[in-house]
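*Asks:* Please find one structure pasted underneath; my questions will follow.
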Amino acid sequence: MSNQKFIFLIFLYIFLNNLIGYGQNASSQNYFLKDENYQASKSQLLKLYNEDKADHQTAYYLGRIAMIEKAYDQAVEYFQHASELQQQNSKYHFWLGRAYGVQAMKANIFKKAILAGRVKAEMEKAVELDPENIEARKNLLQFYAMAPGVMGGSEEKALAQADEIKKRNEVEGILALGQIYLMKKNYAEAEKVYLEGLQKNNQYEQLYGMLALTYHRKNEIPKAFETLEKLIAIKPDYMNSYAQIGLLSASTGQQLELGITCLNKYLSLYAKNPEQGQYSKAWAYHQLGIIYEEQGQKDQAKETYQLALESDSDYKPAKKALERIKKNAPNQQK
């Protein structure tokens, strides 16, 4: 495999994964799907759509529902229809681009390349129609920063998007610039950007999270913990910081007791306000299981992985972890 082709494949994988994750709140989506009002709304929307397929808003909302339900091919059809009915709607083009991105993840490599191009085209159209569409600009920034030059990638264009975002929202612009440096593995500049951002606004939670991620990438793990603990001190009710410390502990094998405490705290806060959690209950239990395994508490880990599956029976990481524990159990007994 040529080096250029390898870079192209890596770009497609990372960009499309980032696109799927961007703006997706798994826990709040799960909460929403179980809501009776949501189910009633979906039924009513389908009825309206079947009665009048010329209603672009109905098509759009059905597309949003299809995205939540992970029916991505269906989402593409709804968003295509909505954007055809109202071609000058930036929001419709943005969501069509999002749907193309998630659709591409299950496609073969040749289809991935085609769909990645469609993502770029729809995001560019969304920005053209509404220069204030920051979400579309963020997606374009990711594309320009990560794509090979032959596919339209350009650091200059990525930096231009960061500048445009900053004109509209200073903190979002700082985050966007830092993201470019992170993707380019220029961690020193990313750290500098996030620290300057915190000097201007020390209340913005995401700046702490991205700074902690930067320290993690630099293998400065104590600084990563310290950054997240500062956020907890400033905003003790911000539940996602507890999850981030738990993830940091599970991924590094450091400060394991702190990780357990924080993940349990996250789960208790999640039980009260699931719609505010950026991470699912199953995810939190899985991270706990990883920590228990690191501590050598195999039985506790097994129980925790089972709790993850009780929360979400399709959560693959917990399934794999349980299979691994069961597979290794006979070896431990010998």
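The values are calculated or read from the model by the stated rules, or taken from the named source; none is laboratory data. As the structure is a prediction and not an experimental result, all values here were calculated from the model. Here the Cβ is made from the backbone with ideal geometry for all residues, glycine too, and neighbour counts use every protein chain on show.
*Asks:* Looking at segment 214-233, which of its residues are over 23 Å from Leu269 (Cα atoms) and part of a helix (DSSP H, G or I)?
*Replies:* Those that are over 23 Å from Leu269 (Cα atoms) and part of a helix (DSSP H, G or I): Thr214, Tyr215, His216, Arg217, Ile221, Pro222, Lys223.
*Asks:* Condition first: in contact (Cβ under 8 Å) with a residue 24 or more places away in the chain, under 19 Å from Ile234 (Cα atoms) and of a type in the set (Asp, Glu). Now tell me which residues in segment 173-213 satisfy that.
*Replies:* Glu205
*Asks:* Same structure again: Residue under question is Asn202, and the condition is that it be closer than 24 Å to Lys185 by Cβ and either at pLDDT below 95 or not in a helix (DSSP H, G or I) (or both); does it hold?
*Replies:* So Asn202 fails the test.
*Asks:* So which residues in segment 282-324 are touching a residue at least 60 places away in the same chain (Cβ under 8 Å) and outside any helix (DSSP H, G or I), if there are any at all?
*Replies:* If the condition is that a residue be touching a residue at least 60 places away in the same chain (Cβ under 8 Å) and outside any helix (DSSP H, G or I), then Asp312 is the only one that fits.
*Asks:* Please verify whether segment 293-312 includes one or more residues that are buried (at least 22 other Cβ atoms within 10 Å of the Cβ) and either of a type in the set (Asp, Glu) or over 27 Å from Pro222 (Cα atoms) (or both).
*Replies:* Checking segment 293-312: at least one residue is buried (at least 22 other Cβ atoms within 10 Å of the Cβ) and either of a type in the set (Asp, Glu) or over 27 Å from Pro222 (Cα atoms) (or both).
*Asks:* Out of segment 141-182, which residues are acidic (Asp, Glu) and exposed (fewer than 15 other Cβ atoms within 10 Å of the Cβ)?
*Replies:* The answer is Glu155, Glu156, Asp163, Glu170.
*Asks:* Inspect segment 234-245 for any residue being in contact (Cβ under 8 Å) with a residue 40 or more places away in the chain and closer than 29 Å to Ile260 by Cα and give the result as yes or no.
*Replies:* There is at least one residue in segment 234-245 that is in contact (Cβ under 8 Å) with a residue 40 or more places away in the chain and closer than 29 Å to Ile260 by Cα.
*Asks:* Related question: Being of a type in the set (A, V, I, L, M), in contact (Cβ under 8 Å) with a residue 24 or more places away in the chain and not assigned by TED's automatic domain parsing to the domain that holds Glu172 narrows it down to one of Ala99, Ala71, so name that one.
*Replies:* Ala99
*Asks:* What residue, of Lys120, Lys106, is outside any helix (DSSP H, G or I) and under 20 Å from Val76 (Cα atoms)?
*Replies:* So the residue among Lys120, Lys106 that is outside any helix (DSSP H, G or I) and under 20 Å from Val76 (Cα atoms) is Lys106.
*Asks:* Filter segment 246-280 down to residues that are assigned to a loop (DSSP other than H, G, I, E, B) and either buried (at least 24 other Cβ atoms within 10 Å of the Cβ) or without any contact (Cβ under 8 Å) to a residue 12 or more places away in the chain (or both), then give me how many there are.
*Replies:* Residues in segment 246-280 being assigned to a loop (DSSP other than H, G, I, E, B) and either buried (at least 24 other Cβ atoms within 10 Å of the Cβ) or without any contact (Cβ under 8 Å) to a residue 12 or more places away in the chain (or both): 1 in total.
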